[in-house]
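Worksheet for the structure shown next.
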Amino acid sequence: MEEMNLKCCAHLGDAVFEVFVREKIIHMTTNLSKLHKINTSFVCASYQCRLLEYLEPFLTEKEKDIIRRGRNIPSSSARRINQSLHRLATGFEALIGYLHLYNRSRLDEIFSLIDKYIETNSLK
């Protein structure tokens, strides 16, 4: 997989994960302000890093490699967060984008694991 493809996977993965989260949280409240607050708490880099820690035992070596390579994508803009945190989140997004493009059934498995994590570890 070329670096450019991995950048595209991360870009796509960001959007795919956002839709996954939005579909999940619409059942939590109808208040738009609360929806936005919940959404941003789930799609932030620190939460994505916690998800990676949780998912790590379930990932294949190929998936871990995609994350590792996604972490190494150079960032062109300054971030207000810790750079290493942002890089890990980019690796997570690269994996989500890659699975969305090439292995939807595995993405569904990963999303099922994430769904369980959200159900047991997040305040509603």
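Numerical summary
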{"quantity": "The one condition in (1) under 24 Å from ASP115 (Cβ atoms); (2) touching a Gly at 6+ places or on another chain (Cβ under 7 Å) that GLN48 fails to fulfil", "calculated": "(2)"}
{"quantity": "Residue selected from the stretch 72-124 under the condition of a type in the set (Ser, Thr, Tyr) and assigned to a helix (DSSP H, G or I), by the criterion modelled with the lowest pLDDT", "calculated": "SER84"}
{"quantity": "Tally, over the stretch 47-61, of residues that are more than 23 Å from SER84 (Cβ to Cβ) and part of a helix (DSSP H, G or I)", "calculated": "0"}
{"quantity": "Test for ASP14: is it touching a helix residue (DSSP H, G or I) at 6+ places or on another chain (Cβ under 7 Å), open to solvent by 30 Å² or more (accessible area, probe 1.4 Å) and in a helix (DSSP H, G or I)", "calculated": "yes"}
{"quantity": "Whichever residue in the stretch 22-64 is among the hydroxyl-bearing types (Ser, Thr, Tyr) and either open to solvent by less than 20 Å² (accessible area, probe 1.4 Å) or more than 19 Å from ALA89 (Cβ to Cβ) (or both) and, among such residues, is farthest from the chain's Cα centre (by Cα)", "calculated": "THR30"}
{"quantity": "Pair list, Cβ < 9 Å and 6+ apart or interchain, from the stretch 49-71 residues that are among the polar types (S, T, N, Q) to residues that are modelled with pLDDT of 95 or more", "calculated": "THR60/ARG106"}
{"quantity": "Hits in the stretch 26-46 - residues which are assigned to a loop (DSSP other than H, G, I, E, B) and within 25 Å of ARG87 (Cβ to Cβ)", "calculated": "CYS44"}
{"quantity": "Verdict on ARG69 being over 14 Å from TYR117 (Cβ atoms), open to solvent by 50 Å² or more (accessible area, probe 1.4 Å) and part of a helix (DSSP H, G or I)", "calculated": "yes"}
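The values are calculated or read from the model by the stated rules, or taken from the named source; none is laboratory data. Every value quoted in this text rests on a predicted model; they were computed, and no experiment measured them. Please note: Cβ atoms are built from the backbone with ideal geometry, for glycine as well, and neighbour counts cover all protein chains shown. Ligands, DNA and RNA are stripped out before the accessible areas are found, and what is left, the full protein with its side chains, is counted by its heavy atoms. Shrake-Rupley method; radii C 1.70, N 1.55, O 1.52, S 1.80 Å.
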